[in-house]
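Here is the structure we will look at, set down as structure tokens.
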Amino acid sequence: MSNTISISPSVSFVKADSQTGQVRGACPHDCPDTCSLLTTVENGVAIKVQGNPEHPHTDGVLCNKVSRYTERTYHPERILQPLKRVGPKGSGQFEPVSWDAALDDIAARLTSIAARDPQAIAPYSYAGTMGLVQGESMAARFFNRLGASLLDRTICATAGGEGLTQTLGGKVGMRVEFFAESKLIIIWGSNSIGSNLHFWRYAQQAKRQGAKLVCIDPRKTETAEKCHEHIALLPGTDAALALALMHELIAHDWLDHDYLARHTVGWEALKERALQWPLERAAEVCAVPAEQIRALARDYGQCYLDQQPAAIRMNYGMQRVRGGGNAARAIACLPALIGAWRHRAGGVLLSSSGLFPVDKAALQRPDLLAGRQPRTINMSTIGNALLEKSSVQFGPKIEALVVYNSNPVAVAPESGKVVQGFARDDLFTVVLEHFQTDTADYADYILPATTQLEHWDVHSAYGHTDALLNRPAIAPLGQARPNTQIFRELAARMGFRDACFAESDEALCRAAYGDKVDFNALLERGFARLQLPDAPFANGHFPTPSGQCEFFSARLADQGLDGLPDHLPNYETLGSSTQFPLAMISPPARNFLNSSFVNVKSLRDIEAEPVLEIHESDAAARGISSGSVVKVFNQRGEYRCKAQVSKRARPGVVNGLGIWWRKLGLDGTNVNQLTSQHLTDLGRGPVFYDCLVEVQVDRPGEPVA
């Protein structure tokens, strides 16, 4: 029986699965854990959200953020009716309007622009929900049918994803649960305790059984503190470290020659390149002791000699620099050198998302483009794009932007330009949101969207291999509507009569996997495990064109790029500027998830205020003490926050914890005021951690040095 009540041909509302009881769901947030949820409902009110103890990966445990999800759903500042701007852009001044008035006006404005050129309309969305239905299903159909500009969704993971694809054949790797059996675990560019909690449980299990844990990260994170060894390399030097590890493996013949011969392409060429990276060279580039690199190579090689599994858990921090794609490639090559893939507890994992048989065409309906080929806007350079005038090269100026599942004014790089673009009086902006975010302040209309407790959705994951279903636990609050319903109603008002716009959310959930995942199992348990081999690449069979691990990528060479992984120095290399002598990375504050949860008071109270971690030597040279308000600045802008003299920062590198909403910061900006719109070597991604700055004590009225 359907859980959608049809009110009219253009309006439908979600019916909650239960007035009282527990409802199975899935965490929607941008996190590799993709937890299975249980929501307790009493008299139609969600009173508790907890981890599903029946789901092996979740095991009844949630992070501090999502365990407070009811605070988000029932937040007193939740937007529960459509709002129309009545003040200047950015002022946050709105008045309530009816859904009909809002949708009629939005449809009329978009129709008028589309009559000139639909490419002047652009979507902007990312992972405010990772759901396949409330993300890019009905929304993608709407924009495809319209012929709007396409969006290159690059802001998080494309450099690493492309690096994996060019080496292993896709976003594939070992299964996360088998890390519990590994004897050496290298956690590379990840603060797992804060951002991959359920992986950390497996790592701790391995540690109790004698495994050695090594963390590679410029910052001394909570995870680094719990590992046996911490290699605090400079940002953007990960490929140099990986090549030096290869050098040592070659020099000592800690190599699985049989695996290399049978299951790899380009070994001799990679060997020649790796031999250019002796320990001393890498130690100088990475600014770490050569002995640390030697010891890690010895541990890794010993796993081969002892036929013990060695596993690498990469995360996306290390690929947010100029050479991020090459770094991911170099690291992904390492397991094949020692035959680590022979073990189910050996190999590498960055993302498992490529293993999910999602039928994107069924959800997104690219056929609705009907042969049109709209231009593509890169979301990581939205600041530049919004300021572009019409031209033959760029196409039409962007006249309308529809934002959903994202907060670009806070999260996009070089936010000074992003704000300038959103502030354009001739830009028509619609924002689907739960709260009046920094981006919503610049909207012409804010449309109230449902939270995960109020709608249907289905999920894949990038940190495990279970598909999950999310059922609505409660009815939508106020006048909130699912993203899908909003786009259905806009489609109807714009005259799109295609039958696909009438499909219900439950039907979309069923279409996401088709017959590749048992939907009845999803309904019954809330999750379904993909049927995959334990050791997928023990005998090769990589999903590359050659079927082998491609050290040398002919596909890259055909594009005129280097077919082998290499170290590419940052755009803004430490030591290259006397004006801006510090490197800055901007990892997430532990109690925020990108810009989500920043307005949840209990979590914001834990973080207290925007912080810049700085090493004591760098602080002393600048007269900075903990608690000082400091000005962090470069050629792109300036940002004020509180200094924290901390051992978490290494010399020469400051850590600007993010991502605070700009309006909740000390001066109406956040750390992205300083980041650039340069792009990565592969994947066209952002370079948030490739950023030079200077820091000084803030003295009001005093100019920047």
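The values are calculated or read from the model by the stated rules, or taken from the named source; none is laboratory data. From a predicted model like this one, the values you see are computed outputs, not experimental measurements. Note that each Cβ is placed from the backbone with ideal geometry, even for glycine, and that neighbours are counted across all protein chains shown. Ligands, DNA and RNA are stripped out before the accessible areas are found, and what is left, the full protein with its side chains, is counted by its heavy atoms. Shrake-Rupley method; radii C 1.70, N 1.55, O 1.52, S 1.80 Å.
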Near-label residues of the stretch 255-279 by backbone N, under 13 Å of a point 7 Å along Cα→Cβ of Leu305: 255
Relative contact order, percent, the chain [alpha-carbon distance under 8 Å, six or more residues apart]: 21 percent
For the chain, cysteines whose Cβ has no other cysteine Cβ within reach (under 4.7 Å): Cys31, Cys63, Cys156, Cys286, Cys303, Cys333, Cys500, Cys509, Cys549, Cys641, Cys691
Solvent accessible area, Å² - Tyr74, 1.4 Å probe, full protein context: 80 Å²
Aspartates and glutamates whose Cα lies under 13 Å from that of Lys89, excluding same-chain neighbours fewer than 8 positions away: Asp425, Asp426, Asp438, Asp441, Asp444
Dipole magnitude (debye, nearest 20) for the stretch 569-705, charges at Cβ of Lys, Arg, Asp, Glu: 320 debye
Label point at Asp104 placed 7 Å out along Cα→Cβ; residues across the stretch 465-499 whose backbone nitrogen lies under 17 Å: 489-495
Solvent-accessible area of Leu150 with every protein chain in place, 1.4 Å probe, in Å² to the nearest 10: 60 Å²
Relative pair counts by distance (%), Cα atoms of the stretch 215-296, 5 Å bins: 3, 15, 23, 21, 16, 12, 8, 2, 0
For peptides 459-469, 245-255, sequence by mean Cβ density within 10 Å, most packed first: 459-469, 245-255
Candidate aspartates and glutamates - alpha carbon under 14 Å from Lys642, same-chain residues fewer than 8 apart omitted: Glu607, Glu609, Glu613, Asp667, Asp698
Projected-area mean, the stretch 604-698, by convex hull of Cα positions, square nanometres: 6.6 nm²
Gain in span if fully extended, Gln373 to Leu523, counting 0.36 nm per residue against the direct Cα distance: 50.2 nm
For the stretch 293-332, size of Cβ-based charge dipole, Lys and Arg +1, Asp and Glu -1, in debye: 260 debye
Selection from Asn405, Leu355, Val419, by position along the positive dipole direction of the stretch 329-439 (Cβ): Leu355
Karplus-derived HN-Hα couplings along the stretch 113-128 (A = 6.51, B = -1.76, C = 1.60, θ = phi - 60°), whole Hz, x at Gly and Pro: 5, 4, 5, 7, 5, x, 5, 6, 9, 9, x, 9, 8, 8, 10, x
Å³ per residue enclosed by the Cα convex hull of the stretch 339-398: 184 Å³
About the Cα centre, charge dipole magnitude for the chain (Lys/Arg +1, Asp/Glu -1 at Cβ), debye: 480 debye
Potential extension, Asp359-Arg699 segment - 0.36 nm per residue separation minus Cα distance: 116.8 nm
Virtual spin-label span in nm between Ser577 and Val61, 7 Å along Cα→Cβ: 4.1 nm
Förster-model FRET efficiency, 45 Å R0, Asp426 and Ala269, C-beta, rounded to 0.05: 0.30
Contour excess over end-to-end distance, with Cα ends at Asn43 and Ser602 and 0.36 nm allotted per residue: 198.7 nm
Spin-label model distance (nm) - Gln205 vs Ala499, 7 Å beyond Cα toward Cβ: 4.7 nm
Extreme residue, positive dipole direction of the chain, given options Leu305, Ala101, Phe394 (C-beta unit charges): Ala101
Diffusion coefficient, µm² s⁻¹, Stokes-Einstein with Kirkwood Rh over alpha-carbon pairs of the stretch 454-556 at 20 °C and 1.002 mPa s: 125 µm²/s
Where Cα atoms sit under 14 Å apart: lysine pairs in the stretch 173-307 separated by 8 or more or lying on different chains: 4
Alpha-carbon centroid distance for the pair the stretch 136-170 / the stretch 348-399, whole angstrom: 6 Å
For the stretch 500-603, projected area of the alpha-carbon convex hull averaged over all directions, nm²: 15.2 nm²
From the coordinates shown, Kirkwood radius over Cα pairs in Å corresponds to which of [x] 28.0; [y] 26.1; [z] 27.1: [y]
Cα convex hull of the stretch 368-521, projected area averaged across orientations, nm²: 12.0 nm²
Largest to smallest accessible area among Lys417, Lys65, Lys389 [probe 1.4 Å]: Lys389, Lys417, Lys65
Cross-link partners of Lys48 among lysines (Cα-Cα below 16 Å; sequence separation of 8 or more within a chain): Lys65
Amide hydrogen neighbours beyond the local backbone of Lys48, cut-off 5 Å, H modeled: Thr40
Among Ala203, Gly135, Leu150 - extreme Cα towards positive end, dipole of the stretch 82-216, charges at beta-carbon: Ala203
Burial order of peptide ranges 85-91, 326-332, 223-229 (average beta-carbon count within 10 Å, highest first): 326-332, 223-229, 85-91
